[in-house]
Amino acid sequence: MLKTRDLKKIYTTEEVETTALNNINIEVNEGEFVSIMGPSGCGKSTLLNILGLLDNPSAGEYLFLDENVSVFSERRRASFRKGNIGFVFQSFNLIDELTVFENIELPLLYLRVPSSERKKRVEEALQQMEIFARRTHFPQQLSGGQQQRVAVARAVIARPKVILADEPTGNLDSAHGSEVMGLLSKLNEEGTTIVMVTHSPDYAEYGNRVIHLFDGHVVTENIKEQPHA
Amino acid sequence: MFASFFKIQLRNLIKRKGHAIINLLGLAVGLASCLAIMVWVQDELSYDRFHDNGESLYRMWVRWDYSGEPMRSSLTPAVLAAALKQDVPEVVRATRFNQEGKQFIKHDGRSFYDEELALADPDFLDMFSFPLTRGDKETALADRYSLIVTESMAARYFGRTDPVGQVLNINRQDFTVTAVMKDIPANSHMRFDCLAHFDSRPQYLIDITENWNVSAYYTYVQLSESATIEDVSAKSTAVVEQNRSKHEGATVEFDVQPIARIHLHHEITDYLEGHGDILYVYLFSALAVLLLLVAGINYMNLTTARATERAREIGLRKMVGASRLNLIRQLLIETLTTTIVAVLLAVVLVEAFLPVLSDWSGKQLQFSPFTDFLTLSIITAIVVLTTLLAGSYPAFILSAYIPATVLKGRIYSNPSGVLFRRLMVIGQFVASIVLIVGALTIQNQLNYIRDKELGFDKSNLLYMDMRGKFRQLYPEIKQQLTATTGIADVTAGRPPLTGYNSAFYVRVNGRLVPDDYRLGRSPVDADFIETMAMEIIDGRSFSPDGGDAPLAGFVLNETAITTLGPDVSVGSHLAFYGHSNTLDTLHFEGYIIGIVKDFHYRPLTNSISPVIMYHGPEELYDICIRVVPGQEQQAIAAVKVLWETHASEYPFEYQFVDDTIDEFYRTEARLKEMFGVFTALAVFISCLGLVGLASHAADRRVKEIGIRRVLGASVGNIVKLMSTEFVVLVMLASLVAVPAAWYVTGKWLEQFAYRVEIGWGLFALAILLAVLMAAATVGVQAVRAASANPIDSLRYE
Ligand SMILES: Nc1ncnc2c1ncn2[C@@H]1O[C@H](COP(=O)(O)OP(=O)(O)OP(=O)(O)O)[C@@H](O)[C@H]1O
Ligand SMILES: [Mg+2]
């Protein structure tokens, strides 16, 4: 489903050139749950951003459902993103000026889903994530775990094919962390492909496969079991 | 989707009240100024456009060229209208016209001096759209002493009784009211309260003026649809040439001017009152655009400066699927709603200040933004323009962020954005400095004109029309008044700059002088020159008690001597002839006895005009009284007592010469006031923008400032750190502004024959003002930021 070929990302600032990613060749199949691990600064977030079409690779190819999206214009990438990819971040990244309901609704707005259906789907998601009671609250009024559940709800609301999660549990205590991991596994079981960056070996275990990055390279891929064998 | 935009905007607004207020206030004040100017410009442009026949109505004018110095005048011979109608087929209708000014009117045993009388021929009513509410257009001016009164005059004199058939005595002549006319719209260059037949003038005036060689009245014509201006002008010139006596080397050409041009275009000298000037229309339109720009720049700068805060929201929206187009739309809609709110505020402001604005401009300004289609469309255009102008740059910049960079954390203002904002601030201050220089120049020029050496002493000089017995008894009255405390001197004659007569039919050294209307003819009392404090530079003044009789003595100003020719000097023979084509009736003659230092005879936008003065006891209509400063009231009271004794049937009306002179510069004085106000507003908006930018800079650097303070920086250090940038920007702006201001003010001053030098001091003052203003606004913000307890700002990082 996702496939990279010799993917490279070089950041050039005034003084130094940082090679954040160097010849990355990975493949993620439909329905897989892939964890990415590695020391800080090794390029995990960079990779995830490129996989999520939030950033451009400097070189190499990136195929999404066999389509070479690395040559897409910003405009095509934007339209490709919506509906196909959902994001969850360590720092939740909710829009502070919007309520819980409005945050979750946002992807549907950009997909031009009619209002009655939007309402229905957002309410479903709120129920599912057990935050229905908080739907009119603003992000600052929620605990970290609640915020992350809103973020997950927002990521899945448009029923994307892939969810990309960058340290989704990073800011949570273990109880809330497990809760979020539970949500992600459940989504995976329902068929959503998941790529997740994490520092925790325990949470990495939720995946079928772990990719280890080091200094911009893929070092090992541990296959735990065949996906949905 | 839109609901979501508004929600975000509203919540942002509430969250950042200060910022929102600055943004809105700046825009609203800018838009209000722009609208106010628009109202004024619209009024100026609307002059004389309400006539149904407007397209085919013209006023005749004449190009004279006697001595290689061509002049254009709208004064024409009274006999022109009838001749044109008869001999030029394109002229369908024609009328003579004149504004006679205020008249003495008697009614019901009381006398009044309030109503302006105009004279015209019957065609006037068919040509112009001044509708009658009573009476019949066909017969209203049929008789020599018919009178049409306006509705408001009718109400003043006759109340509820039917005015038609009533009799009013104007200047001792009974007139019968035949019709009532709607009041003359304020945007008409012709102004009057009542209208009479042109032939109602006294017989002696008709005798003098019904003649091709006297050009003293206006002629309006209505041309046929097929007429071309070239044809009409050639044919009219031919008609005049057939009739008029010729002068060697002189050319006289007639031409037509569309009536819609009369108010604003002054290529032709005009003496009807209350004129405008197309230059000011352009000037103020430019000012309106400038104000809009300055306000738009504020919005742009404040919005992009806040980009760092908005970036996260924008990035997140992109992440969940917003396209760039979505975001541009959102940001533009934000600007649009802000602009709409600002425009509504602006409309309220303009409504509130309309009376003040009317006062400044001396007009009755109308502002109906929601009912007048033109106004509404202009407002809409302004809203769209402002939105695009102020909103597109922020929308373009903000929507371009690559989400990954934004989501990573705080992004820092990109250097090109900072450069852009600096350029914009420079632009605003260039505008402000140019405006300040402009305002100071206007002020200086007007003071200069007012205080200029006029060649005579205009101070404490009262003058009035003598009437009835008061005029006949002038010699005795003069003696009595001279002996009164509070009165220094008494003389008679029209004071310079308060009105004048042209000299026609003059021979100097036996040679005929072309009847150049610039040549003034001024009959005065024997001690006029001394009382006016004019300076004799050659020869002598008039001898007292008519000592120059039986031949007259003439005193000319220097310009008159040069105009009349190199052979003319003290001792030259000069003769005035009677009013006939053949110039055979000698009126009186004499010799030039003296020359006075040049004095201004006509308003200062013209150069000094030539004038011939002579002792003319029979022709004295004005008394001039030099009062002792501080004793004006006693003096006026004394004159009034004599007036009541001898001329009680006439109202007591007097004026001071310097007030009359100030009246000439009313347009300029009003311009000065309006310009000053809008300049102040432009500077205010620019400073508002600086406050916004500076407070934003302070917010952004709150941590840096905190650390610096902890490390020992004083409040002064921090203020300096934060203000330097802005002050440098204003200095840079000065570099651009000085040449621009120098050029623009130079252009404006060109129209004055006598103008101030624009010195460096004025520029320095303008720059100093701008720098001070900038330093003050930025400084306040800086002090606020610097004096906060550093621990507070660090704790929250
Ligand atoms: N915008 C940028 N400009 C320059 N260098 C960057 C930029 N973003 C990331 N880098 C560099 O690229 C490398 C990879 O960064 P990345 O954020 O992908 O690391 P990471 O593996 O996610 O680390 P962490 O586990 O700490 O989140 C780092 O060396 C970082 O300094
Ligand atoms: Mg990371």
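Please enumerate the residues belonging to the stretch B:364-407 that are away from ligand 2 (no atom under 16 Å from the Cβ), open to solvent by 10 Å² or more (accessible area, probe 1.4 Å) and within 14 Å of chain A (Cβ to nearest Cβ).
Answer for the stretch B:364-407, where residues must be away from ligand 2 (no atom under 16 Å from the Cβ), open to solvent by 10 Å² or more (accessible area, probe 1.4 Å) and within 14 Å of chain A (Cβ to nearest Cβ): B:Phe396, B:Ala400, B:Tyr401, B:Ile402.
Mind listing whichever residues of the stretch B:415-462 are among the small types (Gly, Ala, Ser) and either farther than 30 Å from B:His600 by Cβ or in a helix (DSSP H, G or I) (or both)?
Across the stretch B:415-462, the qualifying residues are B:Ser416, B:Gly417, B:Gly427, B:Ala431, B:Ser432, B:Gly438, B:Ala439.
Being crowded, with 18+ Cβ neighbours inside 10 Å and in a loop (DSSP other than H, G, I, E, B) is the filter here; which residues of the stretch B:468-497 pass it?
The answer is B:Thr484, B:Gly486, B:Arg494, B:Pro495, B:Pro496, B:Leu497.
Which condition breaks for B:Tyr218 when tested against (1) at pLDDT 90 or above; (2) part of a loop (DSSP other than H, G, I, E, B)?
Among (1) at pLDDT 90 or above; (2) part of a loop (DSSP other than H, G, I, E, B), the lone unmet condition for B:Tyr218 is (2).
Here are some residues: A:Gly83, A:Gly52. Which one is within 9 Å of chain B (Cβ to nearest Cβ), over 18 Å from B:Ser399 (Cα atoms) and surrounded by fewer than 21 Cβ atoms within 10 Å (Cβ to Cβ)?
Checking each option against the conditions leaves just A:Gly83.
Looking only at the stretch B:333-359, which residues are more than 14 Å from chain A (Cβ to nearest Cβ) and crowded, with 21+ Cβ neighbours inside 10 Å?
B:Thr335, B:Thr338, B:Thr339, B:Ala342, B:Val343, B:Ala346, B:Val350
Can you find a residue in the stretch B:438-454 that is surrounded by 20 or more Cβ atoms within 10 Å (Cβ to Cβ) and within 30 Å of B:Ala575 (Cβ to Cβ)?
Yes, the stretch B:438-454 contains at least one residue that is surrounded by 20 or more Cβ atoms within 10 Å (Cβ to Cβ) and within 30 Å of B:Ala575 (Cβ to Cβ).
When both residues are 6+ apart or on different chains and their Cβ atoms are under 7 Å apart, which pairs have a first residue that lies in the stretch A:148-170 and is within 14 Å of A:Met181 (Cα to Cα), and a second that is within 16 Å of ligand 2 (Cβ to nearest atom) and of a type in the set (Gly, Ala, Ser)?
From the stretch A:148-170, the pairs are A:Leu164/A:Gly52; A:Asp166/A:Ser45; A:Thr169/A:Ser200.
Any residue at all in the stretch A:58-65 that is out of contact with any helix residue (DSSP H, G or I) (no Cβ under 9 Å at 6 or more places or on another chain), more than 16 Å from ligand 2 (Cβ to nearest atom) and within 14 Å of chain B (Cβ to nearest Cβ)?
Looking through the stretch A:58-65, at least one residue is out of contact with any helix residue (DSSP H, G or I) (no Cβ under 9 Å at 6 or more places or on another chain), more than 16 Å from ligand 2 (Cβ to nearest atom) and within 14 Å of chain B (Cβ to nearest Cβ).
Which number in (1) surrounded by fewer than 15 Cβ atoms within 10 Å (Cβ to Cβ); (2) touching a Gly at 6+ places or on another chain (Cβ under 7 Å) marks the one condition that B:His19 misses?
Unmet for B:His19, out of (1) surrounded by fewer than 15 Cβ atoms within 10 Å (Cβ to Cβ); (2) touching a Gly at 6+ places or on another chain (Cβ under 7 Å): (1).
Output the residue which, of all residues in the stretch A:4-47 that are under 26 Å from A:Ser185 (Cα atoms), open to solvent by 60 Å² or more (accessible area, probe 1.4 Å) and more than 15 Å from ligand 1 (Cβ to nearest atom), is farthest from the chain's Cα centre (by Cα).
Of everything passing the filter in the stretch A:4-47, A:Asn25 is farthest from the chain's Cα centre (by Cα).
Go through the residues of the stretch A:73-88 one by one and say whether even a single one is within 16 Å of ligand 2 (Cβ to nearest atom) and in contact with a helix residue (DSSP H, G or I) (Cβ under 8 Å, 6 or more places away or on another chain).
The answer is yes, given that some residue of the stretch A:73-88 is within 16 Å of ligand 2 (Cβ to nearest atom) and in contact with a helix residue (DSSP H, G or I) (Cβ under 8 Å, 6 or more places away or on another chain).
Looking for whichever is open to solvent by less than 50 Å² (accessible area, probe 1.4 Å) and out of contact with any strand residue (DSSP E or B) (no Cβ under 6 Å at 6 or more places or on another chain) here; the options are A:Glu97, A:Glu67, A:Glu74. Which one fits?
Step by step, each of A:Glu97, A:Glu67, A:Glu74 is checked, and only A:Glu97 is open to solvent by less than 50 Å² (accessible area, probe 1.4 Å) and out of contact with any strand residue (DSSP E or B) (no Cβ under 6 Å at 6 or more places or on another chain).
Quick one: which residue in A:Lys224, A:Lys161 is basic (Lys, Arg), modelled with pLDDT of 90 or more and within 30 Å of A:Asp6 (Cβ to Cβ)?
Answer to the check: A:Lys161.
Can you tell me which residues in the stretch A:90-110 are among the aromatic types (Phe, Trp, Tyr) and within 16 Å of ligand 1 (Cβ to nearest atom)?
A:Phe92
Considering only the stretch B:285-329, state which residues are surrounded by fewer than 20 Cβ atoms within 10 Å (Cβ to Cβ) and more than 14 Å from every other protein chain (Cβ to nearest Cβ).
If the condition is that a residue be surrounded by fewer than 20 Cβ atoms within 10 Å (Cβ to Cβ) and more than 14 Å from every other protein chain (Cβ to nearest Cβ), then B:Ser285, B:Ala286, B:Val289, B:Ala307, B:Thr308 are the ones that fit.
Pairs under 9 Å by beta carbon, first residue of a type in the set (A, V, I, L, M, F, W, C) in the stretch A:40-53, partner near ligand 2 (Cβ under 8 Å from one of its atoms), six or more apart or different chains?
Taking only residues 6 or more apart or on different chains, the pairs are A:Leu47/A:Val197; A:Leu48/A:Asp166; A:Leu48/A:Val197.
Restricting attention to the stretch A:1-47, which residues are within 14 Å of chain B (Cβ to nearest Cβ) and either in contact with a helix residue (DSSP H, G or I) (Cβ under 7 Å, 6 or more places away or on another chain) or on the phi > 0 side of the Ramachandran plot (or both)?
Hits for the stretch A:1-47 are A:Lys9, A:Ala20, A:Leu21, A:Gly41, A:Gly43.
Is it the case that B:Ala638 is modelled with pLDDT under 90, open to solvent by less than 70 Å² (accessible area, probe 1.4 Å) and in contact with a helix residue (DSSP H, G or I) (Cβ under 8 Å, 6 or more places away or on another chain)?
Judged against the criteria, B:Ala638 is not a match.
If B:Glu558 meets every condition in (1) of a type outside the set (A, V, I, L, M, F, W, C); (2) out of contact with any Ser or Thr (no Cβ under 8 Å at 6 or more places or on another chain); (3) modelled with pLDDT under 90; (4) closer than 17 Å to B:Arg518 by Cβ apart from one, which number is that one?
Here B:Glu558 clears every test but (3).
Yes or no: B:Tyr217 without any contact (Cβ under 8 Å) to a residue 60 or more places away in the chain, open to solvent by 10 Å² or more (accessible area, probe 1.4 Å) and not hydrophobic (A, V, I, L, M, F, W, C)?
Criteria not met by B:Tyr217.
Restricting to the stretch B:455-464, name every residue that is closer than 17 Å to B:Ile623 by Cβ and surrounded by fewer than 17 Cβ atoms within 10 Å (Cβ to Cβ).
Correct list: B:Asp457 only.
Do we have any residue at all in the stretch B:299-316 that's at pLDDT below 80 and in contact with a strand residue (DSSP E or B) (Cβ under 8 Å, 6 or more places away or on another chain)?
no
The values are calculated or read from the model by the stated rules, or taken from the named source; none is laboratory data. Here the structure is a predicted model, which is why all the values come from computation and not from measurement. We place every Cβ from the backbone using ideal geometry, glycine too, and count neighbours over all the protein chains shown. Side chains are part of the model used for accessible areas, which takes the heavy atoms of the whole protein and leaves out ligands, DNA and RNA. Shrake-Rupley method; radii C 1.70, N 1.55, O 1.52, S 1.80 Å.
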